[in-house]
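**Student:** Handing you this structure, nothing more for now.
The values are calculated or read from the model by the stated rules, or taken from the named source; none is laboratory data. Predicted model, so just to flag it, every value in this text is computed and none were measured. Every residue, glycine among them, receives a Cβ derived from its backbone with ideal geometry; neighbour counts consider all protein chains shown. Protein only, heavy atoms only, side chains kept; ligands, DNA and RNA dropped before computing areas. Shrake-Rupley method; radii C 1.70, N 1.55, O 1.52, S 1.80 Å.
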Amino acid sequence: MRLVPKSIFARIALLIAGLLLINQIITYISVTNYVIRPHWQQILRVMSTQVKFVVMDLENELPDDVSETYMQTTGIRVYPYAVAVQQGLLQARYYQSLTQLMARYLEAKTDVLIQEGDSQYLWVRAPKHPDKWIRLPLANFQRNYPSPLIIYLTAIGILSVLGGWFLTLLISKPLKKLQFAVRELGRGDVPGQLKETGASEFRELTRAFNQMAHNIHQLEEDRALLLAGVSHDIRTPLTRIRLAAEFLPDELKDVRDDIVRDAEEMNAIIEQFIAFVREGREEPWIWCQPDQLIHQVLESFNEHDRFVQHTRKLAKTKLRPLAFKRMLTNVVQNALRYSDGPVEISTDHDKHWFTIEVRDHGPGVPDDQIERLFQPFQRGNTARSGQTGSGLGLAIVRRIVAAHHGKLSVRNHPLGGLLVTISLPLSNHSR
Ligand SMILES: Nc1ncnc2c1ncn2[C@@H]1O[C@H](COP(=O)(O)OP(=O)(O)O)[C@@H](O)[C@H]1O
Ligand SMILES: [Mg+2]
């Protein structure tokens, strides 16, 4: 079992409770030693002289009228043991420390008990007359209910929770903001500069975070620029090669077609490169009809007869349409490429999400390979047989789904073929 609680709130509350409890114990010890004990010493000293007086009376050293007046004014009574029991001696509590003190003052053996109740009494066993009990009235001090201990403990509890709550609030607010920004950064978004507020530690942390976010963003931009630049510079000569090939004479038709096909393939790969780098984050969100975008994607393939659609009408939602189409194109293209037979496209939605499923009837992918194929430039066995591709498709799909705050699942259908499920949030509820 873990003894230290997890949340900051619980830890601070526990700490405060501990400190208050220690404080209480120290207070208790010092009050007992420096206030209560001297107080009782004084009381017992006074009472011991009274007891001495009574003992003198027991030994008939006092005139009767004096002893009677004395008993009347002080309220002190002397009982034999049996009567003392009737008067409540057995309900009284024995006090070791008081007994010792009293014995010292009386210079004789005795016992001291305190009886509590409607009226309170100090019982003292008469020295030299062990069968006689002297009952001295104590000033009635009101017993407090609920007891001080319960009040202390409740106060400690309440104070700790309040203190913990307040301190947590102080800490967690800036932490929450930071946590949110870190998550955004983790998703690949660019969080705005956080305001440096609060305690100096938080200011420094925020400053460090801002710096880091800035650097990452810069790095990302440099990388994108580099890749886009290289891709662009390769594309231009590629177009020239392709154009030049078109002018080859008909006797070289085979060579010409090869060159044209290769050039087109390279062009497609470069396009994937650029798509991978861009991943549509700079594209603005636009209200779109997902059905329309899906339709456009399917139209762009010339294998219409393989599509089987089970679609439901989807509500308008905010998307990055170009990225969305690129994502779906990659999934559908994989399904067409790596399987024969029908490719099923279904859509559905609930209150917060809409879902697109693409399923083929091909060999699928071994379960332990699926995660690997999401990595850039990773291609599977299905792709070895001369199929062209960059190995970037699924990586692009994953990034675009993430940029839409969606969920992606790729698994083998129990009845064969690969099933790709993309769920994206519907706008009103997510943004
Ligand atoms: N529907 C599918 N059926 C079987 N294998 C697939 C399917 N989709 C993807 N794959 C495998 O995953 C690999 C990675 O896909 P992808 O990232 O799109 O790259 P590429 O298609 O350029 O090879 C492919 O090479 C292929 O082996
Ligand atoms: Mg692909």
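**Student:** Counting only protein heavy atoms, what percent of the accessible surface of the chain is carbon or sulfur at a 1.4 Å probe?
**Tutor:** 59
**Student:** Which residues' amide hydrogens lie under 5 Å from the amide hydrogen of Trp353, considering only partners 5 or more residues apart or on another chain, with H built in the peptide plane?
**Tutor:** Hits under the 5 Å cutoff: Leu426.
**Student:** Taking only complete DSSP H runs, can you tell me which helices of the chain stretch 18 Å or more along their own long axis by Cα positions and average at least -1.0 on the Kyte-Doolittle scale?
**Tutor:** Helices meeting the criterion: 8-31, 37-58, 148-187, 200-246, 253-278, 321-337.
**Student:** At q = 0.08 Å⁻¹, what log₁₀ I(q)/I(0) does the chain have when each alpha carbon counts as one equal point scatterer in the Debye sum?
**Tutor:** Each listed q maps to, in turn, -0.69.
**Student:** Another question, if that's okay. Heads up, I need the accessible area for Ile151: 1.4 angstrom probe, whole protein in place, Å², nearest 10.
**Tutor:** We get 90 Å² for Ile151.
**Student:** Quick one: which residues, 5 or more positions from Leu314 or on another chain, have an amide H under 5 Å from its amide H? H modelled 1.01 Å from N in the peptide plane, none for Pro or chain starts.
**Tutor:** Asp291
**Student:** A further question follows. Summing Lys, Arg as +1 and Asp, Glu as -1, what charge do residues with Cβ under 11 Å from the Cβ of Gln87 carry, Gln87 excluded?
**Tutor:** For residues surrounding Gln87, the net value is +2.
**Student:** OK, next. Just to be sure I understand the model, the point goes 7 Å from the Cα along the line to the Cβ. What's the resulting Ala103 to Gln42 distance in nm?
**Tutor:** For the pair Ala103/Gln42, the computed spacing is 2.6 nm.
**Student:** Let me ask something else about it. Given axes a ≥ b ≥ c from the Cα gyration tensor, I'd like to know whether segment 188-278 is rounded (a/c under 1.5), prolate (a/b larger than b/c) or oblate.
**Tutor:** Prolate is the answer for segment 188-278, as a/c is 1.5 or above and a/b outweighs b/c.
**Student:** So how do Asp233, Asp189 rank on accessible area, 1.4 Å probe, biggest first, that is with the largest at the start?
**Tutor:** Asp233, Asp189
**Student:** Say we join alpha carbon atoms closer than 10 Å with springs in a Gaussian network model of the chain; which of Gln218, Gln309, Gln41 then has the biggest fluctuation?
**Tutor:** Answer for the Gaussian network model of the chain: Gln41.
**Student:** Just the accessible area per residue of the chain, please: how many Å² with a 1.4 Å probe?
**Tutor:** Spelled out: the 1.4 Å probe surface of the chain, per residue, equals 62 Å².
**Student:** Any idea how far the Cα center of segment 154-233 sits from the one of segment 308-324, in Å?
**Tutor:** 33
**Student:** For segment 8-138, just the Cα atoms, rotate onto the principal axes and tell me the three extents in Å, largest first.
**Tutor:** If we take the Cα atoms of segment 8-138, the spans are 75, 28, 26 Å.
**Student:** Sticking with this one: What percent do you get for the relative contact order of the chain when only Cα pairs under 8 Å and 6+ apart count?
**Tutor:** 10
**Student:** Another question, if that's okay. How large is the direction-averaged shadow of the alpha-carbon convex hull of segment 126-206, in nm²?
**Tutor:** 12.3
**Student:** Along the charge dipole of the chain, which of Gln289, Gln120, Gly364 sits closest to the positive end, that is, farthest toward it, with unit charges on the beta carbon of Lys, Arg, Asp and Glu (+1, +1, -1, -1)?
**Tutor:** Value computed over the given set: Gln120.
**Student:** Another question, then. Within the set Lys176/Lys325; Lys195/Lys407; Lys6/Lys177; Lys6/Lys351, which residue pairs have Cα atoms separated by over 27 Å?
**Tutor:** Lys176/Lys325; Lys195/Lys407; Lys6/Lys351
**Student:** Determine the calculated [θ] at 222 nm for the chain from helices alone, applying -39500 (n - 2.57) to every DSSP H run no shorter than 4 residues and normalising by the residue count; nearest 500 deg cm²/dmol.
**Tutor:** It lands at -18500 deg cm²/dmol.
**Student:** Another question, then. Can you run the Rg to Rh ratio on segment 302-426? Use alpha carbon positions and the Kirkwood inverse-distance Rh.
**Tutor:** We get a ratio of 0.95 for segment 302-426.
**Student:** Okay, moving on. Expected output is a single nm value to one decimal: the length gained when fully extending between Arg187 and Gln91, i.e. 0.36 nm times separation in residues minus the C-alpha distance. What is it?
**Tutor:** Contour length minus Cα-Cα distance gives 27.1 nm.
**Student:** Shifting gears a bit: Just check segment 118-269 against the gyration tensor rule for me: Cα atoms, a ≥ b ≥ c as the square roots of the eigenvalues, rounded for a/c under 1.5, and otherwise prolate or oblate depending on whether a/b exceeds b/c.
**Tutor:** Cα axes put segment 118-269 in the prolate bin.
**Student:** Moving on to the next point. Got a number for the accessible area of Ile241? Probe 1.4 Å, square angstrom, nearest 10.
**Tutor:** Approximately 90 Å² for this residue.
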